[in-house]
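Undergrad: Input: one structure, supplied below.
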Amino acid sequence: MILILLIIIPLLAAILNVVIGKSSKKARCAVSMASTLVLIILASKVFKTTIGGDIITYEIGNWKPPIGINLVADSLSALMVLLISSIGFLCILYSISYMRPHRGVPAYDSLLMFSITGMIGTVLTGDLFNMFVFLEVMFIAAYPLVGFFGGVEEMEASFKYVVLSTIASVMFLLGIGLVYSATGTLNMAHIAEITGARGGGLLDFALILLLIGLGLVSAIVPLHVWLPDAHPAAPTPISALLSGVTVKVGLYGMIRIIYTMFGFQAVPIGMIIIVLGVATIIIGAGFALVQTDIKRFLAYSTISQVGYITLALGIGTQSGIEGAVFHILNHALMKSLLFLTVGCVIYKIGTRDMSKMGGLLKQMPLEAAAFLVGGLAIAGIPPLNGFFSKLLIYLACFEAGYLIPLAIAIFVSLLTLAYYLRAFWMIFLGKNNIDLKKGRVPLSMLIPVIVLAIACLLIGVLPDIGLSITERISEQILARWMYIEKVLGGAIA
Amino acid sequence: MSLPYLASLALFSIGLYCILVKRDLFKVIYGICLMEFSINLFLVSLGFVTGGEVPISPTGTIVVDPLPQAMVLTAIVIEFATTVFLISVVIRLFKQYEDTDISKMRRLRG
């Protein structure tokens, strides 16, 4: 019951926002905030149950799987729902002030809630075609959000985003068709049961197609070209949501499909994923080094960090999955923090060009500290959260004997430190040659920044919590038979 | 290989060609539509059984698989939304540039 509520509440909030429309701006904000707050409470309840090793299922319309559509929450899904709803809440809080000049447009709140609905649906569903539908809900809500400001640059970025993600969706749909023709079912647990018994060329091809679809969502290298255009063009809270969470939904899908549905050992794709991951790390970092647009810079940094997670997924050992899941959690916090901090800077000076900034340390000490926390965390400096997830990934690389990827990952980590220090220097140090536009940054924009910075510090200082959570999650991911048994519940022999 | 599969392969190739080669925004949209239709055709032909009946209270034992048809219906709705949004973006861009040529646009080149 609780699982269907997790999808229905944001959906109702989105529809309610359409109904309220232009009549009351405050009511729209209140609806979004209240619904995400309820989501956080429900999600933490689900998380508490599932982290103990349990799997919650819900059959829509009481149709038993594999015929009916079902929702499944294991600890990974629960963690993702918790991330989506809490970062969604912070972004909505942030938008109150940031979007004030544009608040006359009622579509914003409603589209944001639709996109949250799509993401939560994607991570909760236990049905492959349903996953496609929720991914599309997420996409279709994200397209207009990317082009929200309606300028030429935004429209072009949005067009590019739509064309590329439609091609990826077509591939995903084709993959679903092939899986259906090979196994005769769309339920993920049932597919897992069948593929456990026999593989085959058709299924391998279907797996590649499904991974192309999800690889575009998470911007893995040959499919990354939309991200550096789309994320900067979006309003800053949306950039934070897209970079922090939406990209991770694609990675979640990859974990679900590679590990749960097909089983890692059954498919010879580990090496391909590692190569793509390393390429993603290098290309993202290389482009990030030379950017002057601050949001484009952060977007390339996102690509590079997605590479680390992909690399860890390609290793396929338990410590690899632990590293990947931990980095998903950490990067969601760090990148939202960075985007929201940068949003404060943009709010105050009204430009995205780093070469026009400088000497802001005195005027914005809090933002400078938050940027430093986020930047150092992404680079993997010890007392912060990024250090532990990167360490796990390095260890997994080392244990599995992938020494060249390990060397590249460590080298790019130093590069990451370099480009974040460069950005910090360009924005906050140096001489001040700009006049600040407005007075103080409003409190509703500072609170999300402070909360996220504290979260980064806290996970870094107390790594045991994160490590024990990710250990349990990785155990649950590798225990395929348990997933199959819990979902199908003895419905089929 | 039966005819529907070949037809969907041909449609898919034409669509991909349109997206990759054509310089006009509307032709890119046509290409996307063709690709989507090809997948729809493929899914419907997956569920087709020669001599099969409509799966509503059938008289014989051979019935057409209804699930791919339901999938295609859902996919068509999604494609409709995507296409409408694409056209609205192109109209916006047309107002700005008074042209739908892709090579005149800064970020879409290449």
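Undergrad: Identify all residues within the stretch A:223-247 that are in a helix (DSSP H, G or I) and either of a type in the set (Lys, Arg) or within 14 Å of chain B (Cβ to nearest Cβ) (or both); write none if there are none.
TA: Across the stretch A:223-247, the qualifying residues are A:Leu227, A:Pro228, A:Asp229, A:Ala230, A:His231, A:Pro232, A:Ala233.
Undergrad: Still on this structure, I have one more. Give the number of residues within the stretch A:22-42 that are assigned to a helix (DSSP H, G or I) and open to solvent by 60 Å² or more (accessible area, probe 1.4 Å). Talk me through it step by step, then tell me what you get.
TA: Taking the stretch A:22-42 and keeping what is assigned to a helix (DSSP H, G or I), we get A:25-42.
Pick out the ones that are also open to solvent by 60 Å² or more (accessible area, probe 1.4 Å) and you get A:25-26, A:37-38, A:41.
Counting residues in the stretch A:22-42 that are assigned to a helix (DSSP H, G or I) and open to solvent by 60 Å² or more (accessible area, probe 1.4 Å) gives 5.
Undergrad: Just checking, which of A:Ile378, A:Ile404 is among the hydrophobic types (A, V, I, L, M, F, W, C) and surrounded by 14 or more Cβ atoms within 10 Å (Cβ to Cβ)?
TA: Only one candidate passes the filter, namely A:Ile378.
Undergrad: With B:Leu16, B:Leu34, B:Leu9, B:Leu20 as the choices, which residue is open to solvent by 20 Å² or more (accessible area, probe 1.4 Å), in contact with a Leu (Cβ under 6 Å, 6 or more places away or on another chain) and in a helix (DSSP H, G or I)?
TA: Sole residue among the options that is open to solvent by 20 Å² or more (accessible area, probe 1.4 Å), in contact with a Leu (Cβ under 6 Å, 6 or more places away or on another chain) and in a helix (DSSP H, G or I): B:Leu34.
Undergrad: Further question on the same structure: Please state which one of A:Ala73, A:Ala107, A:Ala13 is modelled with pLDDT under 90, surrounded by 15 or more Cβ atoms within 10 Å (Cβ to Cβ) and closer than 21 Å to A:Phe134 by Cα.
TA: Just one listed residue meets the conditions, A:Ala107.
Undergrad: I want to confirm something. Restricting to the stretch A:452-493 and keeping residues that are surrounded by fewer than 17 Cβ atoms within 10 Å (Cβ to Cβ) and among the β-branched types (Val, Ile, Thr), which single residue is nearest to A:Thr195 (Cα to Cα)?
TA: In this case the residue turns out to be A:Ile492.
Undergrad: Still on this structure, please answer the following. Can you pull out every residue in the stretch A:152-162 that is of a type in the set (Phe, Trp, Tyr) and within 7 Å of chain B (Cβ to nearest Cβ)?
TA: A:Phe159
Undergrad: OK, next. Collect the residues in the stretch A:163-194 that are facing chain B (nearest Cβ under 10 Å), within 27 Å of the chain's Cα centre (by Cα) and not in a helix (DSSP H, G or I), keeping them in residue-number order.
TA: Residue satisfying the conditions is A:Leu186 alone.
Undergrad: If you go through the stretch A:122-151, how many residues are more than 22 Å from A:Pro65 (Cβ to Cβ), touching a Leu at 6+ places or on another chain (Cβ under 9 Å) and away from chain B (no Cβ under 11 Å)?
TA: So the count comes out to 2.
Undergrad: Another one. Given the structure, is B:Ile56 touching a Gly at 6+ places or on another chain (Cβ under 7 Å), among the hydrophobic types (A, V, I, L, M, F, W, C), open to solvent by 20 Å² or more (accessible area, probe 1.4 Å) and more than 11 Å from chain A (Cβ to nearest Cβ)?
TA: no
Undergrad: Just checking, does the stretch A:281-288 include any residue being surrounded by fewer than 24 Cβ atoms within 10 Å (Cβ to Cβ), in a helix (DSSP H, G or I), at pLDDT below 90 and not polar (S, T, N, Q)?
TA: no
The values are calculated or read from the model by the stated rules, or taken from the named source; none is laboratory data. Everything numeric here is computed off the predicted structure, so don't read it as measured data. When we count neighbours, we look across all protein chains shown, and the Cβ atoms used for this are built from the backbone with ideal geometry, even at glycine. Remember, those area values only see protein heavy atoms, side chains included, never the ligands or the DNA or RNA. Shrake-Rupley method; radii C 1.70, N 1.55, O 1.52, S 1.80 Å.
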